[in-house]
Amino acid sequence: MNMTPELIASLDRLNPEQHEAVECLDGPLLVIAGPGTGKTQLLSLRAANILAKRDAAPRNILCLTYTEAGAEAMRKRLIELIGRDAYGIEVSTFHGFASSIRSRYPEYFVRPSTDTLVTSLHQQEIFDRLLKSLPFCSPLGGGSPDMPAQNIGKMIGFVSKIKRSGLDYDTLSAIAQQNIDAATWLTEHSELLTLVCERASAALAERFEEEAERACGMAPTSLTRPIGCPAGTYVPYILELRDTVRRTEFIDEKGKSSGYTKVRDQFFGGSNSQGRTFKIAEQSERLKAACDVARRYQSELNQHHLYDYDDMIGDFVNAVEHNDALRQILQDTYSYIQVDEFQDTNGAQMRIIELLCDGVGAPNIMAVGDDDQAIMRFQGATIECANQFAAEFSPRSIVLKTNYRSTPAIVELGQAIARQIE
């Protein structure tokens, strides 16, 4: 593709960091770019530069973003820069991309293309029925026609969060069972529950610290070995308790045991008069029950040829994981990949990126994100994905420092507020 006057002029206006990122076309690249640093311009110019300087067609470039508005803004800018070729570049949300692949290659997908998206109302009706069918002794409070409606919303949110994390219910149930077994083992082989019933004091805090170190150090490997799941998802309960105790200053310089009481309240429930319990045990029983309901929900969807919004990405991941031919088709097609707002990537979306790059020595993938701004964390996004990207791909890193939208004072204030709400 020949460079248009608009493309040449836009390249000339780049600052040094932007220019470095736009010219870094081969291999993995991680760009840290805060608000107002020209991310959309950067992504668009780099795509245009790939077409101008590499043996690539528009269809070989994949640009993934998080909102339809973001995709539209990038597509509009590409049209301004390179004209009609911009229509050949796939600019899409993760869900849109997964859906388009399913439409193009239905033979690789287990779920028939005739299945339909479940409505919000139908989703609520399914969970209402499933929760009411639970026995009275269920941790989710089943068996009652007056079961709180909030449990329905919680289950819908739970299912969505798990699907977006990339975990499966069997793995999650195994983690829950390990937590329950850890609480049982500590109850039988330590004096921790006895100690936390006593009145807090500096002397007691020291005894608790010693007992936690002793007990956790003696725990069997079945309780300290992580269950296989994506990086950064969890730490075995025994190790979490031990590490929290180790890094906490139990007694401050005034001799007060505020650090100890904080740890006690974090890990132990109940009161001194009623006796203490390990909070994790009750929480994990609820988690196991929720996984069971979620499995039944998914089974009902499948039985009636329905799927929910988050299944779109799950179906893509499943299809590519189990079909080498499909993975090869996608890798041959998309030789250049760009991901916008990478800080908002969740585990399932990260798996898409991994599969598109699986087996490629130095994939041509660029991730652009802001480490101070993760607006989608409530949807399962985690900054751990950025660390995972760095660990897996060893990318070249570039930081965009110039903000074209706000004054330095406003930028500094915004960053300070973002850190406080973490």
Practice item. For segment 1-39, enumerate the residues that are assigned to a helix (DSSP H, G or I), in contact (Cβ under 8 Å) with a residue 40 or more places away in the chain and buried (at least 18 other Cβ atoms within 10 Å of the Cβ). Key: L7, S10, E17, Q18, A21, K39
Review point. Could you say which residue among A215, A219, A174 is at pLDDT 90 or above, within 30 Å of D310 (Cα to Cα) and not hydroxyl-bearing (S, T, Y)?
Key: A174
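Yes or no, residue by residue, for (1) aliphatic (A, V, I, L, M); (2) under 17 Å from M312 (Cα atoms); (3) in contact with a Gly (Cβ under 6 Å, 6 or more places away or on another chain):
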| residue | (1), (2), (3) |
| --- | --- |
| Y105 | no, yes, no |
| V110 | yes, yes, no |
| L117 | yes, yes, no |
| Q124 | no, no, no |
| D128 | no, no, no |
| K132 | no, no, no |
| Q150 | no, no, no |
| I175 | yes, no, no |
| L192 | yes, no, no |
Practice item. Please state which one of S103, S92 is out of contact with any Leu (no Cβ under 9 Å at 6 or more places or on another chain) and at pLDDT 90 or above. Key: S103
Check your understanding: In segment 186-204, is there at least one residue being touching a strand residue (DSSP E or B) at 6+ places or on another chain (Cβ under 8 Å) and not in a helix (DSSP H, G or I)?
Key -> yes
Check your understanding: Filtering segment 383-394 down to residues that are in contact with a helix residue (DSSP H, G or I) (Cβ under 9 Å, 6 or more places away or on another chain) and over 11 Å from F342 (Cβ atoms), which residue is modelled with the highest pLDDT?
Key -> F393
Exercise for review: Write out, first by first residue and then by second, each pair whose Cβ atoms fall under 7 Å of each other, whose residues are 6+ apart or on separate chains, and whose first residue, in segment 307-322, is assigned by TED's automatic domain parsing to the domain that holds G157 and closer than 9 Å to A98 by Cβ while the second is among the aromatic types (F, W, Y) and in a strand (DSSP E or B).
Suggested key: none
Revision key, fill the gap. Within segment 162-182, restricting to residues that are within 14 Å of C291 (Cα to Cα) and touching an Asp or Glu at 6+ places or on another chain (Cβ under 9 Å), the one that is surrounded by the most Cβ atoms within 10 Å (Cβ to Cβ) is K163
Review point. Scanning segment 344-365 for residues that are among the charged types (D, E, K, R) and in a helix (DSSP H, G or I), which turns out surrounded by the most Cβ atoms within 10 Å (Cβ to Cβ)?
Key: D344
Point to revise | Complete set of residues in segment 42-90 that are over 21 Å from I329 (Cα atoms), among the β-branched types (V, I, T) and buried (at least 17 other Cβ atoms within 10 Å of the Cβ) | key: T65, I82
Review point. With respect to L287, is the statement that it is aliphatic (A, V, I, L, M) and either in contact with a Cys (Cβ under 6 Å, 6 or more places away or on another chain) or not assigned by TED's automatic domain parsing to the domain that holds V22 (or both) true?
Key: yes
Check your understanding: If you check every pair at least six apart or on different chains, which have Cβ atoms under 9 Å apart with a residue in segment 205-216 that is touching a residue at least 40 places away in the same chain (Cβ under 8 Å) and crowded, with 18+ Cβ neighbours inside 10 Å first and a residue that is part of a helix (DSSP H, G or I) and among the small types (G, A, S) second?
Key -> A205/G259
**Study point:** Output for segment 323-334, where each listed residue is in contact (Cβ under 8 Å) with a residue 60 or more places away in the chain and assigned to a helix (DSSP H, G or I)
**Key:** A325, L326, I329, L330, T333
Exercise for review: Name every residue in segment 241-288 that is over 19 Å from A203 (Cα atoms), surrounded by fewer than 17 Cβ atoms within 10 Å (Cβ to Cβ) and of a type in the set (D, E), in order of residue number.
Suggested key: D243, E282
**Study point:** Residues that are in contact with a helix residue (DSSP H, G or I) (Cβ under 7 Å, 6 or more places away or on another chain) and either part of a helix (DSSP H, G or I) or modelled with pLDDT of 85 or more (or both), drawn from segment 63-80
**Key:** C63, L64, T65, A73, M74, R75, R77, L78, I79, E80
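The values are calculated or read from the model by the stated rules, or taken from the named source; none is laboratory data. Not measured: the values here are computed from a predicted model. Reconstructed Cβ throughout: ideal geometry from the backbone, glycine too, with neighbour counts over all protein chains shown.
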